[in-house]
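Heads up, the thing below is written out as structure tokens.
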Amino acid sequence: MSTTLQTASDSNKVGRCFSVNSDVGVVRYQGPVEGTRGTWLGVEWITSNRGKHDGSKDGRQYFRCHQPPSNGPHGSFIRPVDRLVFGQTLLQAAKHRYIVDDLSELKDIPQTIDGRRGKIEAVGLDKIAKQQSDLTSLTVLGLDSCRVEGIGSDEHEIKETRTSLRNVCSLSLANNFMVNWTNVEDILDALPKLKTLDISANHIFSPVSIDSTKRYQVDTLRIDTMPSLTWADIVDISKQLQTKTLSYGWSQLQNIVCVPEDWQIEELSLESNLLTDIAALGTLPSLRVLNLCLNPLTTLDIKPSQFPSLHTLNLSHTQIDSWPTIDTLTNISTLRALNVLHTPLTASDVRYQIISRLPQITKLDGTVITEKERTEMERYYLVQCARSVGSSEQPVLEMMIGKYPRIQELVQKHGMPAGYTGPIFDTTTVLVFVYLMISAASFKPKIKYTVTATLLPPFEPRSFVCKSGKQTVKELRKEIAKQLETHIVDSIVLIYEGSELLDDVELEDFVKDGAINVQIQLVDADGRHVKAE
């Protein structure tokens, strides 16, 4: 297999990445050092604990390190010995990995692979090698850890790169030797069909210098393990590449301070960072998938206007430990898939609570929520909520509403749990207000008229019958009390156009239409409406 190793004996090395033994560094200076003989390389070490200074010697600054000094010294001077191995071009790496000069070399490759059910025979390696030797046939190129630093500066090689790799759509360059964003732009210029790119664990430093005149169409981009970049750099890179799916994980990201309104990112993975607040991401108009796994998030406060398109949210392995955080997810009406495995809140089995609290989700922790499961979980949730507030001799429903979300909605859907037949509201603190909304015709004698009521739980919607237009408000109140079959209707109040109606008023005195629409609402003693959470 063909290969080309560039060593320190080559010419100018400033700005290039190299390895020596297992250590990696970037040359920041090449030349003499006062008081010594010969040529030195001023190096900024990527490998930790190798540096001795900040690029200065005897009061003279020879070079500056790009990494923050708070992480310790990163600079030192070394001789340009042949043990230093520098990077290679994209085309050199592709030829080295994919082209087999002598098919006899394949004899050294094991012809069988140990599997769980026995040995697996490797067949047709020679055909595969011949096919891959034609680089123009490759659409997926994997060159991780191949010391790629760019496409080079030789015009003939650049032209060959454009020709040989013109069909590459997916390129993985993780853990290579790229130190400048221009290296990446050169590769993008050479591979016009590229749609998927992985440049994780390279050594590009902030601030990133982006050519504002260039725009690309790389749909999927991975820039994991790049703590040398800032969030602003990542946003600028993503916008230049017009990326739809972005991964920026394992990079010690602590704060998200800038989210432009025109950023059309659709899938964003920020796994294994140091985030404690994601409010800024809520303005992203097209964000559908958000992965926050392995971040130290403890709470979320989602506003109704945030995350207008979010479909999938991963909160697994975070520090979420309170139900209000889960409840705030109801503000994301588009949310359908949620993952909350391995959090303090989900240390015990709380699947039934999450399903019951979040009616919009259809998948939890990777498992589809069926209609049967949702019904069972919601009923079980009601039972557990009822048990937690006390015995059936207490105003159970009122206490449940004050403590848990969605209680009124679920009681209307499933009814109260079996065994809770006592008072559902405290009769001393609840009033029933009946709002009368009148239309335009007049009552006609000897005809019964219907009063339609829309009731909040625990009552079912129903109609009340008026005997005639001569019926008084007091008589209508009694009729409503009889049909509701509950003692709290002693406090029924009839309201028309914002004013309470007196008992001796006859309906035909103010009603101009045979249809009386009634809406009954429950309020507490302070006049606050009792509404579903």
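Some notes on this structure:
- The 3J(HN,Hα) values that the Karplus relation (6.51, -1.76, 1.60; θ = phi - 60°) gives for region 250-262 are, in residue order, 6, 10, 6, 5, 10, 9, 10, 10, 9, 10, x, 5, 8 Hz. Gly and Pro appear as x.
- Order of exposure, largest accessible area first, which applies to H317, H53, H342, H74 with probe 1.4 Å: H342, H317, H53, H74
- Of the residues S333, S309, ranked by 1.4 Å probe accessible area with the largest first, the sequence reads S333, S309.
- Counted by Cβ distance under 14 Å from M226, the other residues give a net charge of -4, where Lys and Arg count +1 and Asp and Glu count -1.
- Theoretical gain in end-to-end length, Q242 to T299 [0.36 nm per residue, Cα-Cα removed]: 17.4 nm
- Surface listing: T89, T283 arranged by accessible area from highest to lowest gives T283, T89, probe 1.4 Å.
- Taking every protein chain into account, the 1.4 Å probe leaves R60 with about 120 Å² of accessible area, to the nearest ten.
- Model label zone, N331; criterion: amide N under 15 Å from point 7 Å along Cα-to-beta-carbon; scope region 285-311: 299-310
- The calculated FRET efficiency for the pair N21 and H66, based on their C-beta separation and a Förster distance of 25 Å, comes to about 0.65.
- Accessible surface for region 199-263, divided over its residues, is 44 Å² per residue with a 1.4 Å probe.
- Net length gained if the chain between T139 and T375 were fully extended (0.36 nm per residue, minus Cα distance): 80.1 nm
- Separation in nanometres of the label points that stand 7 Å from Cα toward Cβ, at V81 and T220: 4.3 nm
- Counted by Cβ distance under 10 Å from G150, the other residues give a net charge of -2, where Lys and Arg count +1 and Asp and Glu count -1.
- For I46, the residues whose modelled amide H falls within less than 5 Å of its own, excluding neighbours fewer than 5 places apart on the same chain, are V24, G25, V26.
- Relative to the current alpha-carbon distance between K119 and D154, full extension at 0.36 nm per residue lengthens the span by 7.9 nm.
- With the whole protein complex present, S251 retains an accessible surface near 10 Å², based on a 1.4 Å probe.
The values are calculated or read from the model by the stated rules, or taken from the named source; none is laboratory data. Owing to the predicted nature of the structure, the values given are computational and were not obtained by experimental measurement. FYI the Cβ positions are ideal-geometry reconstructions off the backbone, even for glycines, and counts take in every protein chain you see. Heavy atoms of the whole protein, side chains included, go into the accessibility calculation; ligands, DNA and RNA do not. Shrake-Rupley method; radii C 1.70, N 1.55, O 1.52, S 1.80 Å.
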